[in-house]
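The numbers here are math on the coordinates, done by the rules we state, and not lab data. Values in this document were obtained by computation on a predicted structure and should not be read as measured data. Note that we place each Cβ from the backbone using ideal geometry, even for glycine, and neighbour counts take in every protein chain shown.
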Amino acid sequence: MPQLNAIRKWTRPLGLLGVWMVISWLLAHRQIVINTSPSVAPGIYLRVDERPAVGRIVDFRIPARAWPYIRERTGHTGRNWYILKPIAAGPGDTVNTMGRWLYINGRKIALIYTHDEKGRLLPHWRADCVLGPHEYFVYSSRIWNSFDSRYYGPIRQSHIGAVRLPLINWK
């Protein structure tokens, strides 16, 4: 009986240690990511073996064109940061940001703001173009002030870390 009590004593801590190790491995290898940004529903996102496509959520490195704004906003460069956004346009789609509105394939999608909620000047990517074979335009309609491709332009497929699927959302 003393051996059984000793086993019971260590079962829960060892189980919790095992769960912690698995979660640590998943996070370290970016199999799962935790999103706290409101432009995509906050939650846990799983890496899936799918190609980027319109409607899918991807994580990607913040483009260099966005670094000055990120530095002003956060005090960090953002060079090694990933963000999650849904893809709104892909290869062969037409994107126009020349005026005050974002148009995708001729459809009016969203306003392009000049300043953020704190009054800081936002960058503005101005173009009327057809996206190339490895280009994606990310845009989130979930919140009005999503910092997306309207401000830094299309992202290249080589900057995409993974396609993500929501596993658990809490908002």
If amide H atoms are modeled at 1.01 Å from N in the peptide plane, then the residues at a separation of 5 or more from Met98, or on another chain, having amide H under 5 Å from its own are Ala127
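Assign one of three labels to the stretch 31-169, namely rounded, prolate or oblate, based on the Cα gyration tensor with a ≥ b ≥ c the square roots of its eigenvalues; rounded applies when a/c is under 1.5, prolate when it is not and a/b is larger than b/c, and oblate otherwise. Don't jump to the answer; show the numbers that get you there.
Details: a/c = 1.55, a/b = 1.13, b/c = 1.38.
Taking the square roots of the gyration eigenvalues as a ≥ b ≥ c, the stretch 31-169 is oblate.
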Taking the dipole about the Cα centre of the stretch 31-169, with the C-beta of Lys and Arg at +1 and of Asp and Glu at -1, give me whichever of Phe60, Ile32, Asn105 is farthest to the positive side. Phe60
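Given 0.36 nm per residue, what is the gain on full extension from Ile34 to Lys9 after removing their alpha carbon distance, in nm?
Details: separation 25, 0.36 × 25 = 9.00 nm, distance 3.22 nm.
Between Ile34 and Lys9, full extension yields 5.8 nm more.
Sort Val33, Val138, Val58 so that the residue with the fewest other Cβ atoms within 10 Å of its own Cβ comes first and the one with the most comes last.
On the way: Val33 19, Val138 27, Val58 23.
Going from sparsest to densest Cβ surroundings: Val33, Val58, Val138.
By the scheme Lys and Arg +1, Asp and Glu -1, what is the net charge of all other residues having a beta-carbon under 11 Å from that of Gly132?
Numbers: positive: Arg156; negative: Asp93, Glu135.
Around Gly132, the surrounding residues sum to -1.
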If amide H atoms are modeled at 1.01 Å from N in the peptide plane, then the residues at a separation of 5 or more from Ala89, or on another chain, having amide H under 5 Å from its own are Phe137
Residue by residue through the stretch 128-145, which ³J(HN,Hα) values in whole Hz follow from phi under the Karplus form 6.51 cos²θ - 1.76 cosθ + 1.60 (θ = phi - 60°), with glycine and proline marked x? 9, 8, 9, 5, x, x, 10, 10, 9, 9, 9, 7, 10, 8, 5, 9, 5, 9
Taking 0.36 nm per intervening residue step and subtracting the Cα-Cα distance, what contour gain separates Met98 from His134 on full extension? 10.8 nm
Between Leu111 and Arg126, what length comes free when the chain is fully extended (0.36 nm per residue of separation minus the Cα-Cα distance, one decimal in nm)? 4.1 nm
Amide H contacts under 5 Å for Ile109, restricted to residues at least 5 apart in sequence or on another chain and with H modeled in the peptide plane, are Leu102, Tyr103, Ile104
